[in-house]
Amino acid sequence: MSRQSNRTTDSKKMNSELFTLTYGALVTQLCKDYENDEEVNKQLDKMGYNIGVRLIEDFLARSTIGRCQDFRETADVIAKVAFKMYLGITPSVTNWSPAGDEFSLILENNPLADFVELPDNHNTLIYSNLLCGVLRGALEMVQMAVDVKFAQDTLRGDNVTEIRMKFIKRIEENLPAGEE
Amino acid sequence: MADEAPFQFLHSELIQYIYKSADTEDTENGRNISKLENLGCRVGQGLIERLTKDAPRFKDELDIMKFICKDFWTCLFKKQIDNLRTNHQDSQFRLLSHLSAGKQYLDYAPKYLAFTCGLVRGALSNLGLRSVVTAEISDMPACKFQVLIQKM
């Protein structure tokens, strides 16, 4: 009887563990392939970007969210809908800049980094850098150029994981030549 | 379900990465498949540890294979293996599964299956069985996994 209910919670947990472990295997592979952490960080960002440009379509198909009116709304959608949908967590949105073009996502726990410890020789590795790429790629597809980086990381000894997102500009849709 | 999406996207990107970082086309193909399979193996080992943490000991190979087909597979792919055929003498098992409707491309299929074969091999290895796992797609969308247990 209790085995049955364990199975369903296990299933959800297993999916995220499959993802977490696969991500870990990927980072390990990248560390083997590249000489230094900077390169690995770049690769993770690039791969994240590739995922982001496709993930956004999946997201828009699954959620019924319409176009966001402003950056604040975007922030809320990212934290409360997207993160919840894909990673099962709801980061908090804080530290808005006075101009309203920059904010932080605070993640109390980071599913990508479950079971992970960084060895001493990888001090500059941004383990979860894939997330930055994903956010950047996804937002670019909805006409927003943003800069995303990790400000704090529990893997590097900080108390929380903080992702800082800055709005750079709106990307104008390119119209084909000859049209107004 | 949305919680499968992150893994699927990551898996695709992983495959792209492995293939892009290879220097040549055809001759590297076997090595890339191996790389993917090895990655799957590491992940399988970790997963099976988590999944069987509180489970009782398995009686025999068949019991282990049934577990793989039911619980392990369900946890990964939300469904059980459709069919398990065994050949006791050779310790061979055939698992039949239907690939999800999304994957229609026969050429790319081996790349996608490599990781899964590794998952099974890794899981079995942590349950004490050394094996060779291969997959073939002869009739889409059905996919046949063959598990050959190696006697130590």
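Below are the figures for this structure:
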quantity: Checking A:N109 against (1) within 14 Å of another protein chain (Cβ to nearest Cβ); (2) in a loop (DSSP other than H, G, I, E, B); (3) within 14 Å of the chain's Cα centre (by Cα), the condition it does not meet; calculated: (1)
quantity: Test: residue in region A:61-72 that is at the interface with chain B (Cβ under 9 Å from one of its Cβ atoms), under 24 Å from B:T116 (Cα atoms), out of contact with any strand residue (DSSP E or B) (no Cβ under 6 Å at 6 or more places or on another chain) and at pLDDT 90 or above; calculated: no
quantity: Selection status of A:I89, touching a residue at least 60 places away in the same chain (Cβ under 8 Å) and either within 23 Å of A:T28 (Cα to Cα) or not hydroxyl-bearing (S, T, Y) (or both); calculated: no
quantity: Scope region B:114-144; condition surrounded by fewer than 16 Cβ atoms within 10 Å (Cβ to Cβ) and of a type in the set (K, R); matching residues; calculated: B:R130
quantity: Yes/no for A:Y49 being within 12 Å of chain B (Cβ to nearest Cβ), at pLDDT 95 or above and at negative phi; calculated: yes
quantity: Single match in B:C69, B:C75 (criterion: modelled with pLDDT under 80 and in a helix (DSSP H, G or I)); calculated: B:C75
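Let's see how each residue does on (1) surrounded by fewer than 16 Cβ atoms within 10 Å (Cβ to Cβ); (2) aliphatic (A, V, I, L, M):
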residue: A:L55; (1), (2): no, yes
residue: A:F115; (1), (2): yes, no
residue: A:P119; (1), (2): yes, no
residue: A:E140; (1), (2): no, no
residue: A:R156; (1), (2): yes, no
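The values are calculated or read from the model by the stated rules, or taken from the named source; none is laboratory data. These figures come from a predicted structure and were not determined experimentally. Neighbour counts run over all protein chains shown; Cβ positions are idealised from the backbone, glycine included.
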